[in-house]
Amino acid sequence: MKEIQSNGKKKKQDLKGQINFYKAMAVLGVIIAGMFVYMLLDSAPHLSKRDFHDPRAKAAQCLNCHTGQASNIPIMPHRRMEDCTFCHTPDKAG
């Protein structure tokens, strides 16, 4: 049987395993949080390869279509940003 120390604290060797466990859990938590941030930034739909989707266009040109009343154009479901290509990357195919 293990002897219990009188002050109620664990020995240093007993704590090494716990410290390593918490270090591993912290690293795993940072990796998972990074994956969530990456997936969030990659969740915006790509700009389809069309003549009117110019990645070099200013945001005001995009807003004219996506906040107007034109038919068959999806509305912009988020607040206005300075640049569209921060989230919406041009589509390679299509």
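The values are calculated or read from the model by the stated rules, or taken from the named source; none is laboratory data. Because the structure is a prediction, the values reported are computed rather than measured. Heads up, the Cβs are rebuilt from the backbone with ideal geometry, glycines too, and the neighbour counts pull from every protein chain shown. Remember, those area values only see protein heavy atoms, side chains included, never the ligands or the DNA or RNA. Shrake-Rupley method; radii C 1.70, N 1.55, O 1.52, S 1.80 Å.
Quick notes
- Database remark: amide H of Leu47 closer than 5 angstrom to the amide H of Thr89, Asp91 (H placed geometrically; neighbours at sequence offset of 5 or more, or on other chains; Pro and chain starts carry no H).
- Modelled FRET efficiency - R0 41 Å, Ser43 with Lys23, Cβ distances, 0.05 increments: 0.85
- Percentage of interatomic Cα-Cα distances in the stretch 36-81 larger than 13 Å: 65 percent
- Here His46 sits with roughly 100 square angstrom of accessible surface, probe radius 1.4 Å.
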